[in-house]
Amino acid sequence: MTQMGGSLLKQRIAYFSMEIALSNDIHTYSGGLGVLAGDTIRSSADLNIPLVAVTLISKKGYFRQELTCDGRQIEHPDPWDPSRFMQQLPEEVTVQIEGRNVHIKAWLYTVKSPIGGSVPVYFLDTDVEGNSPEDREITSFLYGGDERYRIKQEIVLGIGGVRMLEKLRIDVRKYHMNEGHSSFLALELLRKHEMNVDKVRNMCIFTTHTPVEAGHDKFSYNLVQEVLGEFIPFSVLRSLGGHDRLNMTLLALNLSNYINGVAKRHKMISEEMFPSYEIHAITNRIHSYTWTCESFKRLYDKYLPGWAHEPE
């Protein structure tokens, strides 16, 4: 990285993910998608890649599981306190949801590599003074509520996330959508760049994770109209996101110039699901330093010096 020009070093890759797993005490993840996102961020810090990450604060977590005597699952809120781990920033942006302004702030958490690099992670929060009680809850639960709640979250993540990075004066060179939840960011870029699809496509990268139809978010256009309004002309939106329903995966596919799945087999299945698109295979890995217990770290340090300095 030290050989790159100064202007490129100032430019960032913006990595958007609905969930990110950074710590057991930060309840902003539910499973593999978040774990992969966290390990991607840690590896980027190790490699000193100029990355910033954007996600939601999810103050009430995903859920805490309870199993009854007869084996039924009961879900409970799993709240946590962001102020214990991160700093709330003064900057504020707004997005339009159901015709009203929703205010968004961000919390900053810095992922630090054991070998010196770091990556800032911005957690978006609508629990902000000036918002209605309903809007303050948008970023409360990870994957909570119904379709209306979900599309509101995805507006905050995608559109609000782009605006927050601009407000923070972060110069973004590429936008990486980790799954389709953040695809609205591409619509914000379309508006910003006068509906230039080719320009936006050259700015975006998309990683798809889910090889089953039910795993791809789809919203009726009536719901989109009610919640988002005519953010861009509906004729354009339908051409990019699907004729019958807004398919967030299809939207990301159409507005990205590089697309990857997370295994060779997954690439094959994804190309069967979306046959008009070239999908590359990048097999999931883990961040070895994070997932190695302390006793083995000491063992490896003794007999394999430098093992933690090799993210590959």
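Applying the selection to the stretch 124-161, what residues are without any contact (Cβ under 8 Å) to a residue 60 or more places away in the chain and buried (at least 24 other Cβ atoms within 10 Å of the Cβ)?
THR126, ILE138
Any idea which of ASP78, ASP70 is surrounded by 14 or more Cβ atoms within 10 Å (Cβ to Cβ) and of a type in the set (Asp, Glu)? Don't jump to the end; show me each part of the working.
Working: ASP70 fails: surrounded by 14 or more Cβ atoms within 10 Å (Cβ to Cβ).
Exactly one of ASP78, ASP70 is surrounded by 14 or more Cβ atoms within 10 Å (Cβ to Cβ) and of a type in the set (Asp, Glu), namely ASP78.
Would you be able to say whether some residue in the stretch 110-123 is crowded, with 23+ Cβ neighbours inside 10 Å, in a strand (DSSP E or B) and not β-branched (Val, Ile, Thr)?
yes
Quick check, is LEU51 within 24 Å of ARG285 (Cβ to Cβ), touching a residue at least 60 places away in the same chain (Cβ under 8 Å) and in contact with a Gly (Cβ under 6 Å, 6 or more places away or on another chain)?
Answer is no for this residue.
Could you tell me which residue of the stretch 20-34 is surrounded by the fewest Cβ atoms within 10 Å (Cβ to Cβ), considering only residues that are in a helix (DSSP H, G or I) and touching a residue at least 60 places away in the same chain (Cβ under 8 Å)?
Filtering the stretch 20-34 for residues in a helix (DSSP H, G or I) gives 32-34.
After this cut, where a residue has to be touching a residue at least 60 places away in the same chain (Cβ under 8 Å) as well, the list is 32-33.
Working: GLY32: 13, LEU33: 21.
Going through the qualifying residues, I end up with GLY32.
Looking only at the stretch 191-214, count every residue that is surrounded by 13 or more Cβ atoms within 10 Å (Cβ to Cβ) and in a helix (DSSP H, G or I) and tell me the total.
Total meeting the criteria: 6.
Looking at GLU294, GLU271, can you tell me which residue is without any contact (Cβ under 8 Å) to a residue 12 or more places away in the chain and either surrounded by 15 or more Cβ atoms within 10 Å (Cβ to Cβ) or closer than 22 Å to ASP198 by Cβ (or both)?
The unique qualifying residue is GLU271.
Give the number of residues within the stretch 53-68 that are among the β-branched types (Val, Ile, Thr) and farther than 15 Å from GLY34 by Cα. Give the derivation first.
Kept after step one, since they are among the β-branched types (Val, Ile, Thr), are these residues of the stretch 53-68: 54-55, 57, 68.
Those left that are additionally farther than 15 Å from GLY34 by Cα: 68.
Within the stretch 53-68, residues that are among the β-branched types (Val, Ile, Thr) and farther than 15 Å from GLY34 by Cα number 1.
In the stretch 144-161, is there at least one residue being among the small types (Gly, Ala, Ser), under 25 Å from ASP46 (Cα atoms) and assigned to a strand (DSSP E or B)?
The answer is no, given that none of the residues of the stretch 144-161 is among the small types (Gly, Ala, Ser), under 25 Å from ASP46 (Cα atoms) and assigned to a strand (DSSP E or B).
Give the number of residues within the stretch 41-81 that are over 17 Å from LYS112 (Cβ atoms) and more than 18 Å from the chain's Cα centre (by Cα).
To start, the set of residues in the stretch 41-81 that are over 17 Å from LYS112 (Cβ atoms) comprises 54-81.
Restricting the remaining residues to those that are more than 18 Å from the chain's Cα centre (by Cα) gives 63-81.
The qualifying residues number 19.
Out of the residues in the stretch 46-59 that are among the aliphatic types (A, V, I, L, M) and surrounded by fewer than 23 Cβ atoms within 10 Å (Cβ to Cβ), which is modelled with the lowest pLDDT? Quick ask: steps written out before the conclusion?
Taking the stretch 46-59 and keeping what is among the aliphatic types (A, V, I, L, M), we get 47, 49, 51-54, 56-57.
In the following step, the residues that additionally are surrounded by fewer than 23 Cβ atoms within 10 Å (Cβ to Cβ) were identified as 47, 49, 52.
Values: LEU47: 90, ILE49: 93, VAL52: 98.
Ranking the candidates gives LEU47 first.
Return the residue satisfying two criteria in turn: it lies in the stretch 222-243 and is under 15 Å from TYR149 (Cα atoms) and in contact with a Lys or Arg (Cβ under 7 Å, 6 or more places away or on another chain), and of such residues it is surrounded by the most Cβ atoms within 10 Å (Cβ to Cβ).
VAL227
So TYR175 clears everything in (1) without any contact (Cβ under 8 Å) to a residue 40 or more places away in the chain; (2) assigned to a strand (DSSP E or B) except one condition, right? Which one?
If we test TYR175 against (1) without any contact (Cβ under 8 Å) to a residue 40 or more places away in the chain; (2) assigned to a strand (DSSP E or B), just (1) comes out false.
The values are calculated or read from the model by the stated rules, or taken from the named source; none is laboratory data. Keep in mind it's a predicted model, so treat the numbers as computed, not measured. Glycine gets a Cβ as well: all are built from the backbone with ideal geometry, and neighbour counts include every protein chain shown.
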